1. Does PRO156 satisfy the criteria of being within 17 Å of the chain's Cα centre (by Cα) and at pLDDT 95 or above?
2. Being surrounded by fewer than 16 Cβ atoms within 10 Å (Cβ to Cβ) and touching a residue at least 40 places away in the same chain (Cβ under 8 Å) is the filter; apply it to the stretch 73-98 and report the residue that is farthest from the chain's Cα centre (by Cα).
3. Considering only residues that are within 20 Å of ALA161 (Cα to Cα) and assigned to a helix (DSSP H, G or I), which ones fall in the stretch 91-133?
4. What's the total number of residues in the stretch 188-207 that are open to solvent by 40 Å² or more (accessible area, probe 1.4 Å), on the phi < 0 side of the Ramachandran plot and not polar (S, T, N, Q)?
5. GLU60: assigned to a strand (DSSP E or B) and of a type in the set (D, E, K, R), yes or no?
6. Could you list, in sequence order, all residues of the stretch 188-208 that are at pLDDT 95 or above and among the charged types (D, E, K, R)?
7. Quick one: would you say ARG185 is touching a residue at least 40 places away in the same chain (Cβ under 8 Å), of a type in the set (D, E, K, R) and open to solvent by 20 Å² or more (accessible area, probe 1.4 Å)?
8. Given the criterion more than 14 Å from THR153 (Cβ to Cβ), out of contact with any Leu (no Cβ under 9 Å at 6 or more places or on another chain) and not hydrophobic (A, V, I, L, M, F, W, C), identify the matching residue among GLY79, GLY128, GLY51.
Amino acid sequence: MHMNIRGQTIRRIFINSLICFLLVTGLPNTSFSHPHVFMTQQITSVFDDKGLAGFKIRWEFGDMFSSMITDDYDKNKNGFLEKEEAAVVKEETFSYISEYNYFIFIKIDGKPFEVKFIKNFSAVLNNGELVYTFFVPCHVTAISNFKQIIVATYDPTYYSAILFKKKDPALNENNELFEVKTAVREDKSTSIYFDMMNPWALFLEFRIKQ
């Protein structure tokens, strides 16, 4: 798994700049950097007949990154990503984040769950806007008591900013058999970026209907 040459160069410049800044100041500071890629997300909690099956993730990218991907990967310039083009996008601009848990950090009843792989990745252009969708398997059997799942999404390098959509940030699918509660708020139990901030997260609770 690897990044494309442009991605490698940009990330190397970013990391080197960050290291130099920290060596000079000796202290973390909220102004040390800022994200270069912006996206809004929607998380759908998907259930099966036993309980939670996993999470469907949708990322909608800002103009700059969408334009870059269009310029580099829409080879026939038709405004769409063909199957072959989308496969290259996945390999060169997405697969490398497996090193960072795919930016998906899950806790099940307070215990970390490692995201080792994803399924059903797609990359599409909607009127010039780049959209990634993929599925994160996470099987949790429902019981009579509530199970609590926290899904925080962030880039540990701070190169990308992931924000929840204002409308319908979290949805449920196939949850008829279960009592489900969802909320999107800051995860006060997790500190990131030199303990300077808390990530926003999906808080999901579910149990068998009583």
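1. So PRO156 does not fit the description; no.
2. GLY79
3. Listed by number, the residues that qualify are GLU92, THR93, PHE94, SER95, TYR96, ILE97, SER98, GLU99, TYR100, ASN101, TYR102, PHE103.
4. 6
5. yes
6. GLU205, ARG207
7. Spelling it out, it is not the case that ARG185 is touching a residue at least 40 places away in the same chain (Cβ under 8 Å), of a type in the set (D, E, K, R) and open to solvent by 20 Å² or more (accessible area, probe 1.4 Å).
8. Matching residue, one of GLY79, GLY128, GLY51: GLY128.
The values are calculated or read from the model by the stated rules, or taken from the named source; none is laboratory data. Small disclaimer: the values here were computed from a predicted structure and weren't measured. Glycine also receives a Cβ, built like all others from the backbone with ideal geometry; neighbour counts cover every protein chain displayed. These accessible areas exclude ligands, DNA and RNA; they are computed on the full protein's heavy atoms, side chains included. Shrake-Rupley method; radii C 1.70, N 1.55, O 1.52, S 1.80 Å.
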